[in-house]
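Notes to accompany the following structure.
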Amino acid sequence: MKAKSIDHICFAVRNLDEAVARYRDVLGLEPDGVYTAESEKIRVARYYLGEVAVELMEPTDPDSDVGRFLEKRGEGFFLISYRVDDVEEGLRELESKGYPLIDRKPRELMGNRYAFILPPARMNGTLVEILDGEFEGYPER
């Protein structure tokens with residue numbers, strides 16, 4: 001598996017509306033889309049900046065991954081997502097090399113297959129996601 005590009009970078013926030021207002025006031029940015037991902041228990045604002053998107057993620061449930069992250073570490077950098085040709089193939093390759101996977105099969109959201117690969121401690125403290133497909137429902141970049 002080879003990462004082709006960075007797709008997006010995510011930041012965990014406690015209050016999405018306040019974070020969106022801050023990004024507007026400080027950086028002059030308006031989100032290209034806001035959506036709720038029920039499966040991940042998050043509400044997300046997505047900004048396209050060139051070829052890389054930035055996402056602000058607010059938990060809709062304190063027991064979600066983002067909710068637990070906020071409780072443990074507070075607001076800030078949450079994950080980086082790399083685009084690959086095939087998520088399933090990437091997972092098989094990592095498993096064949098003996099890596100401890102978080103996801104053994106792809107998840108699906110908005111036209112994408114994605115997976116969290118190794119525990120953050122195995123990736124220098126960073127949660128890493130791989131994905132293929134294209135986000136549906138957003139304006140063209």
Quickly run through the stretch 99-113 and pick out the residues that are buried (at least 18 other Cβ atoms within 10 Å of the Cβ) and at pLDDT 95 or above.
106
Would you list the strands (runs of 3 or more DSSP E) that sit entirely within the stretch 31-122 and hold 1 or more residues that are in contact (Cβ under 8 Å) with a residue 40 or more places away in the chain?
33-37, 42-49, 52-59, 76-83, 107-109
Residues in the stretch 7-30: is at least one touching a strand residue (DSSP E or B) at 6+ places or on another chain (Cβ under 6 Å), of a type outside the set (Val, Ile, Thr) and in a loop (DSSP other than H, G, I, E, B)?
yes
Those residues of the stretch 68-83 which are more than 14 Å from the chain's Cα centre (by Cα) and either surrounded by 18 or more Cβ atoms within 10 Å (Cβ to Cβ) or not charged (D, E, K, R) (or both), in sequence order
70, 74
One residue is enough: does the stretch 37-59 have a residue meeting the conditions small (Gly, Ala, Ser), over 18 Å from residue 116 (Cα atoms) and at pLDDT 95 or above?
yes
Among the residues of the stretch 89-98, are any surrounded by 14 or more Cβ atoms within 10 Å (Cβ to Cβ), of a type in the set (S, T, N, Q) and farther than 27 Å from residue 21 by Cα?
no
Pull up the stretch 34-51, narrow it to residues that are closer than 17 Å to residue 129 by Cβ and not basic (Lys, Arg), then point me to the one that is surrounded by the most Cβ atoms within 10 Å (Cβ to Cβ).
42
Going by the conditions given, is residue 99 touching a strand residue (DSSP E or B) at 6+ places or on another chain (Cβ under 7 Å) and either at positive phi or among the hydroxyl-bearing types (Ser, Thr, Tyr) (or both)?
no
Out of (1) surrounded by fewer than 15 Cβ atoms within 10 Å (Cβ to Cβ); (2) under 25 Å from residue 133 (Cβ atoms), the odd one out for residue 58 is which?
(1)
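The values are calculated or read from the model by the stated rules, or taken from the named source; none is laboratory data. None of the values given here were measured: they were computed from a predicted structure. Using ideal geometry, Cβ is built from the backbone for each residue, glycine included, and neighbour counts are taken over all protein chains shown.
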